[in-house]
Amino acid sequence: MRWTTWWQIIFVLNTSLAQSNTVTVCQEDDCSCDSFTRLICNCTSADSEVTLRPDGPYRVPSTITAIFINGCGRISFLSDTVRDLINLRNIEIRNVQHVIINERALAWLPFPRENEMNPGLRITIDNSTIDEIASHAIQGRFNDIIIRNSKFVNARPFAFSSLFGVNNVELTNNVYENMDIQVFKKFSMLNFVISGGTVNVLPSRFLSDVEVTNLFRVEGVTARSLYSLTFLVSSPKRVLIENNNIETVEGDAFHIVTRGPITFRNNTVTNLKKGALLGFTVELEVASVSGAQELLIDNNTITNLNPSSLMYNRTRLNRRVDGLNIDVPCSCELADEWRKALKDEGGNIACWYELERYFVSLPTYTDSRCGPFKQNFWIFVVIGIVLALTLVAIAIFFIVRHENEKKKKVQIVMPDGKTYRETELHIVVERAELLTTEL
């Protein structure tokens with residue numbers, strides 16, 4: 001029995017010694033580890049490739065506290081790369097042409113989940129192309145996830161899932177090419193901000209069963225389409241949808257249960273479909289205690305819109321329309337379509353006034369251009385002009401005729417005692433006769 005114990009001890013020591021003698025990623029050509037046990041890879045060639053792995057030759061040392069990658073052509077995180085890096089606190093990837101994060105590659109859970117005082121990771125990806133974030137790639141305790149000025153080529157379902165302790169998820173000025181459903185799945189965070197950038201389509205459940213406890217913000221994004229249930233979110237204290245340019249917002253695209261007000265401001269939308277804002281609501285407890293919260297629609301420009309597009313939860317929200325420009329020419333038919341909505345809810349809703357080339361409120365246009373008389377105003381004007389011109393022509397005709405008749409009535413008495421009428425087409429010939437005088 002004693003010999004067995006000694007053999008086990010010797011085996012463990014040999015294993016530890018062999019591992020300590022294994023070449024690590026610190027010996028890669030473009031990488032080094034400094035005195036602060038940080039892994040730093042500054043690639044000098046765009047063709048440089050770095051692969052981070054949990055074990056074997058060129059593994060990541062278990063004592064690493066930070067990973068900095070800059071300027072490489074390709075960086076790959078293999079599965080379980082950071083699993084046992086108990087001292088790791090920061091990962092930064094900058095100016096990398098191809099980033100690949102495999103399944104469970106950034107799954108980090110060295111401490112019990114229940115203790116909120118335990119530290120977490122911060123990951124930053126800047127000015128890089130993310131070729132692939134696999135399913136379940138990023139899990140565990142993360143303080144901040146910041147991705148900016150980068151391109152998502154492929155983000156798979158559950159890429160960000162089973163996370164906890166998250167303060168901020170910030171996606172800034174990125175290009176989103178292929179985003180699968182449920183990229184962000186079932187975890188809680190303090191703030192979620194997606195700012196700037198372009199996206200073709202954000203699919204249903206892009207954020208799926210995600211809890212945001214403070215700020216939810218979508219700002220300055222250019223998108224072709226937001227599908228139904230794109231954002232399935234609960235509990236934010238503040239919701240801001242601002243300065244976006246979106247071609248189509250499908251019904252119930254924002255399915256958000258808030259604990260505070262909602263602002264939909266300065267957005268340009270081509271097609272706002274029926275019930276696009278109907279998914280906004282308020283937690284029952286908040287509505288019971290604090291009353292209905294405000295849904296503010298302010299200074300938006302929308303092309304294809306009807307009253308059903310602005311349907312909302314009337315029991316838990318109060319809608320206020322401070323500025324809504326319908327980007328179609330004004331017409332009395334359009335005013336009729338919105339008359340009931342304006343009467344019931346009020347608000348500042350405007351249409352495009354072609355004659356003056358600016359937006360004018362629907363009530364103002366209705367007062368000035370609609371109604372039985374006002375709708376036919378130009379017809380009356382044209383008829384009046386035609387009648388006036390006709391009367392003028394008749395007057396001129398009679399005046400000319402009268403003048404001609406006056407000329408025809410002028411008579412000339414000649415010496416011979418004969419009377420002639422003066423005309424324009426006859427010449428009166430004077431005749432001289434001999435005078436006979438009795439001498």
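Electrostatic bookkeeping for Ser331 treats Lys and Arg as +1 and Asp and Glu as -1; over the other residues with beta carbon under 11 Å from its beta carbon, the sum is -3. Pairs over the 24 Å Cα-Cα cut-off, from the set Lys185/Lys273; Lys186/Lys273; Lys274/Lys343: Lys185/Lys273; Lys186/Lys273.
Put simply, the C-alpha atoms of segment 166-275 give a gyration tensor, and the ellipsoid matching it has half-axes of 19, 15, 14 Å, longest first. The phi torsions of segment 112-117, fed into the Karplus equation with coefficients 6.51, -1.76 and 1.60 and a -60° offset, translate into couplings of x, 5, 5, 7, 6, 7 Hz, rounded to whole numbers, with Gly and Pro shown as x.
Backbone phi angles across segment 234-248, fed through the Karplus curve with coefficients 6.51, -1.76 and 1.60 (θ = phi - 60°), yield HN-Hα couplings of 10, 6, x, 7, 9, 10, 10, 10, 9, 6, 9, 10, 10, 6, 9 Hz in residue order; Gly and Pro are listed as x. With distances taken between every two different alpha-carbon atoms, segment 19-180 has a Kirkwood hydrodynamic radius of 15.8 Å. Residue-normalised convex hull volume from the C-alpha trace of segment 144-217: 71 Å³ per residue.
The phi torsions of segment 392-397, fed into the Karplus equation with coefficients 6.51, -1.76 and 1.60 and a -60° offset, translate into couplings of 4, 5, 4, 4, 4, 4 Hz, rounded to whole numbers, with Gly and Pro shown as x.
What does the charge count around Leu272 come to, taking other residues whose C-beta lies under 13 Å from its C-beta (Lys +1, Arg +1, Asp -1, Glu -1)? Mind dumping the intermediate values first?
Numbers: positive: Lys273, Lys274; negative: Glu247, Glu250, Asp252, Asp327.
Combined, the nearby Lys, Arg, Asp and Glu give -2.
Less than 5 angstrom separates the built amide H of Thr65 from those of Arg38, Leu39, all sequence-distant by 5 or more or on a different chain.
Read-outs: derived from the displayed coordinates by stated rules, not from any lab. Model, not experiment: these values are computed from the prediction. Ideal geometry is used to build each Cβ from the backbone, glycine not excepted, and the neighbour counts take in all protein chains shown.
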